[in-house]
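So the structure is just underneath, and the comments pick up after that.
The values are calculated or read from the model by the stated rules, or taken from the named source; none is laboratory data. Bear in mind that the values here come from a model prediction, so they are computed numbers and not experimental data. Backbone-built Cβ (ideal geometry, glycine too); neighbour counts: all protein chains shown. Surface accessibility is based on the protein's heavy atoms, side chains included, excluding ligands, DNA and RNA. Shrake-Rupley method; radii C 1.70, N 1.55, O 1.52, S 1.80 Å.
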Amino acid sequence: MSYEVSLEPLVQATDALRRSPNRGSYANELRSLGISEYRQIFFKPYRLIHRVHAKQVIVYVVADGRRDMGSLLARRLLGA
């Protein structure tokens, strides 16, 4: 099965972060664990999880938001 995916929404999301790095809401799955340095922006159906560190925006996760994000974030960000 082959299908085409446009990267334009991802490019637009990262450009928006360049202009306004602290944009986005906090990821609920992480806030429930007391972690509030990671933010998220949506470009449906995807989520981009990022944080600002030393004046740089670091993107940690770009994933389909329909996935089990709690376990994905725990593995990727917390090493659980």
All but one of (1) in a helix (DSSP H, G or I); (2) surrounded by 15 or more Cβ atoms within 10 Å (Cβ to Cβ) hold for Arg75; state the number of the condition that does not hold. (2)
By residue number, the members of region 25-76 that are free of Cβ contacts under 8 Å to residues at least 12 places away in the same chain and within 26 Å of Ser6 (Cβ to Cβ) are Ile58, Arg67, Asp68, Leu72
Looking at region 5-56 only, could you name the residues that are assigned to a helix (DSSP H, G or I) and β-branched (Val, Ile, Thr)? Val11, Thr14
Can you name the number of the only condition in (1) open to solvent by 60 Å² or more (accessible area, probe 1.4 Å); (2) under 13 Å from the mean Cα position of the chain (by Cα) that Leu10 fails? (1)
Which numbered condition in (1) open to solvent by less than 30 Å² (accessible area, probe 1.4 Å); (2) among the aliphatic types (A, V, I, L, M); (3) modelled with pLDDT of 85 or more is the only one that Ile58 fails? (1)
Name the residues in region 15-40 that are within 11 Å of the chain's Cα centre (by Cα), open to solvent by 50 Å² or more (accessible area, probe 1.4 Å) and of a type in the set (S, T, N, Q), would you? Ser25
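With the requirement that a residue be among the polar types (S, T, N, Q) and under 21 Å from Arg75 (Cα atoms), what does region 1-40 give you?
Across region 1-40, the qualifying residues are Ser25, Asn28, Ser32, Ser36, Gln40.
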Out of contact with any helix residue (DSSP H, G or I) (no Cβ under 9 Å at 6 or more places or on another chain) and not polar (S, T, N, Q): is that true of Tyr26 in this structure? yes
Those residues of region 41-55 that are under 13 Å from Leu77 (Cα atoms) and loosely packed, with under 14 Cβ neighbours inside 10 Å come to a total of 0
